[in-house]
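Read the figures in this text as sums done on the coordinates, not as results from a lab. Remember, predicted model here, so these are calculated numbers, not experimental data. No Cβ is skipped: glycine too gets one built from the backbone with ideal geometry, and neighbour counts run over all protein chains shown.
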Amino acid sequence: MKGTLSLRILGEHLVKGEMKPSEDISIKIDQTLTQDATGTMAYLQFEALGIPKVRTELSVSYIDHNTLQQDFKNPDDHRYLQSVAARYGIILSKAGNGICHQVHLERFARPGRTLVGSDSHTPTAGGIGELAIGVGGLDVALAMAGNSFRLKMPEILGIRLSGKLQRGVAAKDVILEVLRRMDVKGGVGKILEYHGPGVESLSVPERATITNMGAETGATTSIFPSDEITRDFLRSMGREGQWVELKADEDAEYDEIIEINLSELEPLIAQPHSPGNVTTVKLLEGMKVHQVAVGSCTNSSFKDLMTAAAMLKGKSVHPDIYLAISPGSRTVLEEISRNGALATMLEAGARILESACGPCIGQGFAPPSKGISIRTFNRNFEGRSGTKDAKLYLTSVETAVASAITGKLTDPRGFSPDSAEIEIPELFRVDDSLVIYPPKDGSSVEIIRGPNIAPLPPLMPLPDSLEGEVLIKVEDNITTDHIMPAGRYLPLRSNIPEYAKHVFEQIDPDFHDKAMERGGGIIVGGENYGQGSSREHAALCPKYLGIKAVVVKSFARIHLANLINFGILPLIFVNPEDYERVNAGDRLRIDVRDLNAALYLENLATGERYPVQHGMSRDDIEVMKAGGKLPYVRSKTA
């Protein structure tokens, strides 16, 4: 791994450990971000640490998920977030200012810095050369308190780009090609580092589209070099002074290399119900479409929306189609308002939604029953849109808008403008009127808590043995959306007892009652358990219901960390075939007095014993014994 960009940034921030693959390392964190769906819980956890002020270079609290404010819950949470930000020295981005990742890219991300965020798409900032990692809210709270961030040293996967994208082929097609090759777990334990001559042809927003959706491979993060293209972007945002040149050495060595010739790519599409289920648009062309959505943190930049406007100019949205467009930030919205692009989209028949996450997280614009929805988003999990039997397809802006015009899935190469036709302002007129900077001394600020904000559930030390009924057995690639649905339940994120009523609701509507009646139990799952969102509620809510252990074939990275953070024992079958031998309703027991010893799971229903392992580090084991990271950190501080 000699001379890679990732190694350079990790090395400059290394606090503890050796940078050898799979070794535990700790790095200093420069920046943090939260969004309101995960932020309220993160700040409750930060408060519990008793730290008077954040100790990072920069911390930003974004309100971009729960913006509908249908009753008191959302506005109460937003008022809490605003008061906490003022109290502890955090910048607040109010509702309407834009999607956290787009705004952070424009206003705060910096080449060479480290960032952790309580959202799985935090790696978006990798498009500007920042080492940005999605984590659970508690890990963000600890970083704000000045703690280093611990992770297993990733492998560095070099993705070498050559050539140049052809007309009608987009940056979205680049990451869809990566997903076609790697699927949704091929990036686990890796950093995806882009390099090669093709990089120079991609703008920062295009690079950010690629790093954003790298999260769907399970990668720790993705990153591009910081070059003259990066400098131009920062100059356009009035931040040229923050630019530094960062790139891999000419003789950099990677653990693995993937070669992609941009000139050979064609429009791609991810089919239901996985971002890794990728094929060509040509193969499905002509499929009837009911709805099109342009936006999300993946594709809502100024360039994306100008592309949409150029394609819609002089045309109309097909009568059978509803087209919705969500600008990524207030800055983007104001620019397209001034230059006429907004009027062009409205005249064509598009609906303009708020600068927020919106439909991507099931907050409005749900498809009709059994509807086909073409979206420029990053996830298409079943039920995520709010309509369980809808089919969601993920594409580029070019493919989405071409399909909105024709009413059917359409190869965009005959519709889309040449990227050279999209004029990018030399200097954006940045509007920070919805950004609130904290006072120098916020110690006298009163923190406002509404009635929906519930205290954290208690976390108790690990007992000598764990025993419980298998409450549910699930298949491969179970997502955090399956475990904790989003959409209309987002206002419950600050109220664990209420939100816990919906654990596994899509799969087993009786799960909550079953868990409460049996005093908790055990979950059994397949490969890549917990993929998707970083939401720590997928661990917190099961913990509240008394879940003692999760036994699977393999875990997704962020969810595994969240389970450890909240004291749920994560176990992996040594023999994957043993998964088939365990059934819902079986009663399992395991002796956990010595987590460094060989571990066996006893099936009290059948008398069988299954060897299991956990893969936890020495520090993780101490966290688990304490009952979770909060009590562990408190004990260390004491």
Residues with amide H under 5 Å from that of Phe504, placed H, sequence gap 5 or more: Met484
11 Å beta-carbon shell around Leu595, net charge (K/R +1, D/E -1): -1
GluC sites (Glu not before Pro) restricted to DSSP loop in the stretch 530-588 with at most 12 other C-beta within 10 Å: none
Helix-only estimate, please: 222 nm mean residue ellipticity of the chain, summing -39500 (n - 2.57) across DSSP H runs of length 4 or more and dividing by its residues, to the nearest 500. -8000 deg cm²/dmol
Would you please classify the overall shape of the stretch 319-380 from the alpha carbon gyration tensor, given that a ≥ b ≥ c denote the square roots of the eigenvalues, rounded means a/c under 1.5, and beyond that prolate means a/b larger than b/c while oblate covers the rest? oblate
Which of Val178, Ile352, Ala248, positive extreme of dipole for the chain (C-beta unit charges): Ile352
Counting sequence-distant residues (5 or more places) and residues on other chains, those with an amide H built under 5 Å from that of Glu536 are Gly137
Convert each backbone phi in the stretch 612-617 into a coupling constant with the Karplus relation 6.51 cos²θ - 1.76 cosθ + 1.60 (shift: θ = phi - 60°), then list the ³J(HN,Hα) values in order as whole Hz, x for Gly and Pro. 9, 9, 10, x, 7, 6
Residue-wise HN-Hα coupling along the stretch 314-324, computed from phi with Karplus coefficients 6.51, -1.76, 1.60 (Hz; x: Gly, Pro): x, 10, 10, 5, 3, x, 8, 10, 9, 10, 10
For the pair Glu467 and Arg429, the simple spin-label estimate (label points 7 Å beyond Cα toward Cβ) gives in nm 7.2
With contacts defined as alpha carbon pairs under 8 Å and 6 or more residues apart, what's the relative contact order of the chain in percent? 14
